[in-house]
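**Student:** Take this structure first; my questions come after.
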Amino acid sequence: MLQLIVLAAVPFIWFGMVAAISFLETPLKFRAPGITVALGVGIGRIVFKALNTIECLFAVVLVLALVADPHVVPVPAGVAIGVAVLALALQLVVLRPNMAQRTRLLADSATAAGGRTAADARNGGTGTLQGIDRTDVATVAANAGAKTATAPHLSYIAAEVVKFAALPVAGIAILLAAI
């Protein structure tokens, strides 16, 4: 019974965390007044490291629950869990190391530019913000890759979407099998 509860609950909790952090907190963070590129990137790195750590724990718990008694899990749920775990592995092993290097460069460039805000870097507008030329901000941010998403970043987002789709499928399939 405990195995069934874990198998049903963990995918929904994991799904909620991905939804809240990847699709809500992350895009909104850079819209906060006064947030600098360096600060936003720094917060993002800390938050995603914590999220990925918890996701790894969830993946281990789900895999152990599956291995303990595979007959409890319907095939669609097992496949969905496998897809989510593989998407996480892709993010951690292949994509995140590349993105970590890029975010370090972005944070370093933004700091060197005087800590301008992310909104100023995105806007690329002329004029000044506290005596700082906004055109410089846009140039530094663009050179660091702030205006264009890289292939690893887009792939990371795609993997998030895969997890976002797979996790509720797993939870629903397990609940339906338990009825």
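The values are calculated or read from the model by the stated rules, or taken from the named source; none is laboratory data. Quantities reported herein were computed from a predicted structural model and do not represent experimental measurements. All Cβ positions, even for glycine, are placed from backbone atoms using ideal geometry, and neighbour counts span all protein chains on display.
**Student:** Is one or more of the residues making up the range 94-108 modelled with pLDDT under 85, among the hydroxyl-bearing types (S, T, Y) and surrounded by fewer than 18 Cβ atoms within 10 Å (Cβ to Cβ)?
**Tutor:** The answer is no, given that none of the residues of the range 94-108 is modelled with pLDDT under 85, among the hydroxyl-bearing types (S, T, Y) and surrounded by fewer than 18 Cβ atoms within 10 Å (Cβ to Cβ).
**Student:** While we're looking at this one, here's another question. Under 6 Å between Cβ atoms, at least 6 apart or on separate chains: pull out the pairs that start in the range 22-42 with a residue that is under 23 Å from K163 (Cβ atoms) and end on any residue that is of a type in the set (V, I, T).
**Tutor:** V41/T103
**Student:** Given the conditions (1) hydrophobic (A, V, I, L, M, F, W, C); (2) in contact (Cβ under 8 Å) with a residue 12 or more places away in the chain; (3) closer than 22 Å to S155 by Cα; (4) out of contact with any Pro (no Cβ under 9 Å at 6 or more places or on another chain), and given that I46 satisfies all but one, which numbered condition is not satisfied?
**Tutor:** Going through (1) hydrophobic (A, V, I, L, M, F, W, C); (2) in contact (Cβ under 8 Å) with a residue 12 or more places away in the chain; (3) closer than 22 Å to S155 by Cα; (4) out of contact with any Pro (no Cβ under 9 Å at 6 or more places or on another chain) one by one, I46 breaks only (2).
**Student:** Same structure, new question: Could you list, in sequence order, the residues of the range 25-49 that are under 10 Å from the mean Cα position of the chain (by Cα) and surrounded by fewer than 16 Cβ atoms within 10 Å (Cβ to Cβ)?
**Tutor:** Step one: of the range 25-49, the residues under 10 Å from the mean Cα position of the chain (by Cα) are 25-26, 44-45, 47-49.
Within the range 25-49, E25, V47, K49 meet the criteria.
**Student:** Only one residue in V47, V94 is more than 13 Å from K163 (Cα to Cα) and touching a helix residue (DSSP H, G or I) at 6+ places or on another chain (Cβ under 7 Å). Which one? Write out each step before concluding.
**Tutor:** Details: V94 fails: touching a helix residue (DSSP H, G or I) at 6+ places or on another chain (Cβ under 7 Å).
V47 is the lone residue from the list that is more than 13 Å from K163 (Cα to Cα) and touching a helix residue (DSSP H, G or I) at 6+ places or on another chain (Cβ under 7 Å).
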